[in-house]
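Colleague: Take a look at the following structure, please.
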Amino acid sequence: MKKTVKDIEVKGKKVLVRCDFNVPMQDGKITDDVRIRAALPTIEYLKDNGAKIILMSHMGRPKGEPKMEFTLAPVADRLSELLCTEVKFAQSDVVVDDSVKAAVDAMAEGDIVLLENTRFRKEETDNAEPFTGELASLGELFVNDAFGTAHRAHCSTAGIAAYMPAVSGFLIEKELKFLGEAVEDPARPFLAIMGGSKVSDKIKVIDHLLDKVDALIIGGGMAYTFYKAMGYEIGKSILDEEGIDLASELMEKANDNGVELLIPVDTMCATEFSNDAEHHVFRASQMPPHMMGMDIGPESQKAFAKEIAEAKTIVWNGPMGVFEMPNFAVGTNAVAKAMAETDAVTVIGGGDSAAAVEQAGLADKMTHISTGGGASLEFLEGKELPGVACLEDK
Ligand code: AMP
């Protein structure tokens, strides 16, 4: 267990808080502020407890240069609105300079300052000096609450912890609790659902989960690589060549571990990669050569829903088909619906499956939706995340 802001005295202290304000923007406006809202509980706690709060984040990929299309100025405005208090934006092309230091020195208890995009400095992603030391010179305590970048060892996510006491914020605490408990201490049966395009991208997660789960569902584009490994023809479906042998190995491991492996028994095929393409359902072993698999079929949906209804813990990562196209979002929506209807612990591993659950309007029916796609995948691989490893243990 990692220490949180509640395990340490914050009153009067200058607290450097790493948040994930990497929000989508269009024409200088924030189009989705979910990540900003997710940071509020920690900021409010620190404010109520008399800390001087210095917020840090990256946004986009300015590649170590002060590119103004990636400035955090709009985030400061949005934070001020949401917190109903002024969040001062300490703009600097180099993130830390004398004017920023002066702004921090002038802070009173409960004041909030937001620094400029940490990726304006090239050292940030290399976790290198002098930037780490410059950031550290501003504060006395480090709080990491950016789960979305916790799998990266950067100056502001991990390096800075070498300079001062480091604890987690409430968002990271929540992510570790739900993802951690789901994998390490699940109510059984424990079911994992994996989808998405490539087997090789998720091989480590599947491999790790095969040591933990009772059942595993494979859907999405990666199912066709499994079909190929089973000797089926897959027409023009997406194929992950290097994943064929891996798929065979995973099937063998599932068998050795007594894990029930569910691969779609039928599939929705289309004549081309388009929502309007002609489409029909085929048995897994009977895909026509001129068509491509775009979604799981109705029998697979039924079988998966039954498995979901019987499980007590479910972790889901990756869509069941090309869910961006309404005609091929049916299987993904069926899985989301089945998960929404169960009383089991339901954990969505960020990224596209989180988007699919939001799109289906079922987000509030899930136990936990991770805010970090890449971070949650690495966590599910069993890796220690650098932005978590650097925090103090309880
Ligand atoms: P990933 O990033 O690996 O989780 O994959 C997500 C992507 O996989 C989404 O953009 C889906 O459209 C895509 N996908 C899912 N099923 C298929 C499929 N049958 N054929 C091609 N792409 C797919």
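None of the figures in this text is laboratory data; all of them are computed from the coordinates on show. Keep in mind it's a predicted model, so treat the numbers as computed, not measured. Neighbour counts run over all protein chains shown; Cβ positions are idealised from the backbone, glycine included.
Colleague: Among ALA38, ALA108, ALA158, which one shows the highest mean-square fluctuation when the chain is modelled as a Gaussian network with alpha-carbon springs under 10 Å?
Modeller: In this elastic network of the chain, the residue with the biggest mean-square fluctuation among ALA38, ALA108, ALA158 is ALA108.
Colleague: Using +1 on the beta carbon of Lys and Arg, -1 on that of Asp and Glu, and nothing else charged, what's the dipole of the chain about the Cα centre, debye to 20? If you can, show how the numbers build up before the last one.
Modeller: Working: 40 positive and 64 negative charges, 103 e Å.
That gives a dipole near 500 debye.
Colleague: Another question, then. What relative contact order, as a whole-number percentage, does the range 5-170 give when Cα pairs under 8 Å and 6 or more residues apart are counted?
Modeller: Working: 333 pairs, mean separation 47.9, N = 166.
Result for the range 5-170 is 29 percent.
Colleague: Anything over 20 Å Cα to Cα? Flag those among LYS11/LYS47; LYS204/LYS312; LYS337/LYS365; LYS13/LYS63; LYS177/LYS383, in the order listed.
Modeller: Details: LYS11/LYS47 9 Å; LYS204/LYS312 23 Å; LYS337/LYS365 9 Å; LYS13/LYS63 32 Å; LYS177/LYS383 15 Å.
Those over the limit are LYS204/LYS312; LYS13/LYS63.
Colleague: While we're on this one: So how strong a dipole does the range 1-71 carry about its Cα centre when Lys and Arg Cβ are +1 and Asp and Glu Cβ are -1, to the nearest 20 debye?
Modeller: Working: 15 positive and 10 negative charges, 73 e Å.
The calculated dipole for the range 1-71 is roughly 360 debye.
Colleague: What is the helix-to-structure angle for 243-257, meaning the angle in degrees between its Cα long axis and the longest Cα principal axis of the chain, kept from 0 to 90 and rounded to the nearest 10?
Modeller: 90 degrees
Colleague: Given 4 °C and 1.567 mPa s, compute D for the range 267-394 with the Stokes-Einstein relation, Rh being the Kirkwood radius over Cα pairs; round to the nearest whole µm²/s.
Modeller: Working: Rh = 16.0 Å.
The calculation lands on 81 µm²/s.
Colleague: Same structure again: Which of these, GLY159, GLY293, GLY12, has the largest mean-square fluctuation under a Gaussian network model of the chain (Cα springs below 10 Å)?
Modeller: GLY12
Colleague: Over the range 177-380, one equal point on each Cα, no solvent: what is log10 I(q)/I(0) by the Debye formula at q = 0.09, 0.10, 0.12, 0.15 Å⁻¹?
Modeller: -0.29, -0.36, -0.53, -0.85
Colleague: Sum -39500 (n - 2.57) across every DSSP H segment of at least 4 residues in the chain, then divide by the residue count to get the 222 nm mean residue ellipticity, nearest 500.
Modeller: Numbers: 13 runs with 135 residues, N = 394.
Estimated from H runs of four or more residues: -10000 deg cm²/dmol.
Colleague: In the chain, with Lys and Arg counted as +1 and Asp and Glu as -1 at Cβ, which of these residues, PRO189, MET268, GLY387, has the Cα nearest the positive end of the dipole, that is, farthest along it?
Modeller: Value computed over the given set: GLY387.
Colleague: With a cut-off of 8 Å between alpha carbons and a minimum separation of six or more residues, what is the relative contact order of the chain in percent?
Modeller: Values: 870 pairs, mean separation 64.2, N = 394.
Value for the chain: 16 percent.
Colleague: When the chain is modelled as a GNM with alpha-carbon springs shorter than 10 Å, which of SER285, SER370, SER99 fluctuates the most?
Modeller: Sorting by GNM fluctuation, first place goes to SER99.
Colleague: On to the next question. Scattering from the C-alpha atoms of the chain alone, worked out with Debye: what is log10 I(q)/I(0) at q = 0.08, 0.09, 0.12 1/Å?
Modeller: The computed values of log10 I(q)/I(0) come out as -0.47, -0.59, -0.93.
Colleague: How many angstrom lie between the C-alpha centres of the range 122-147 and the range 242-264?
Modeller: 42 Å
Colleague: State which entries of LYS6/LYS202; LYS253/LYS302; LYS202/LYS394; LYS228/LYS253 exceed 29 angstrom in Cα-Cα distance in the structure shown.
Modeller: Details: LYS6/LYS202 35 Å; LYS253/LYS302 25 Å; LYS202/LYS394 32 Å; LYS228/LYS253 17 Å.
Over 29 Å apart, Cα to Cα: LYS6/LYS202; LYS202/LYS394.
Colleague: What is the magnitude of the charge dipole of the range 5-170 about its Cα centre, with +1 placed on the Cβ of each Lys and Arg, -1 on the Cβ of each Asp and Glu, and no other charges, expressed in debye to the nearest 20? Mind showing how you got there, number by number?
Modeller: Values: 20 positive and 27 negative charges, 61 e Å.
In debye, rounded to 20, the range 5-170 gives about 300.
Colleague: How long are the semi-axes of the equivalent ellipsoid of the range 1-119, taking √(5λ) for every eigenvalue λ of the Cα gyration tensor, in whole Å from largest down?
Modeller: 23, 17, 13
Colleague: Then there's this: For every other residue with a beta carbon closer than 15 angstrom to the beta carbon of THR31, add +1 if it is Lys or Arg and -1 if Asp or Glu, then tell me the sum. The partial results should precede the final answer.
Modeller: Working: positive: LYS29, ARG35, ARG37, ARG78; negative: ASP27, ASP32, ASP33, GLU69, ASP77, GLU358.
Computed value for this residue: -2.
Colleague: Select from the range 309-394 those GluC sites (Glu not before Pro) which occupy a DSSP coil region and have at most 15 other Cβ atoms within 10 Å, ordered by residue number. Present the calculation step by step, with values, prior to reporting the outcome.
Modeller: Details: sites: GLU310, GLU324, GLU341, GLU358, GLU378, GLU381, GLU384, GLU392; in loops: GLU324, GLU381, GLU384, GLU392.
Listed in order of number, the matching sites are GLU324, GLU384, GLU392.
Colleague: Using Cα pairs under 8 angstrom and six or more residues apart, how large is the relative contact order of the range 220-339, in percent? Spell out each step's value before the answer.
Modeller: Details: 199 pairs, mean separation 32.0, N = 120.
Relative contact order comes out at 27 percent.
Colleague: Also: Ignoring solvent entirely, what values of log10 I(q)/I(0) come out of the Debye formula for the range 154-269 at 0.11, 0.13, 0.16 Å⁻¹ when each Cα is a single scatterer?
Modeller: After summing over all Cα pairs, the log10 values are -0.49, -0.62, -0.80.
Colleague: Over 18 Å apart: what share of the alpha carbon pairs of the range 35-188 falls there, rounded to a whole percent? The partial results should precede the final answer.
Modeller: Working: 6957 of 11781 pairs.
For the range 35-188, the fraction of Cα-Cα distances above 18 Å is 59 percent.
Colleague: A further question on this structure: Would you mind telling me the antiparallel percentage of the DSSP bridges in the range 177-380, rounded to 5?
Modeller: Numbers: 9 of 27 bridges.
Around 35 percent antiparallel, to the nearest 5.
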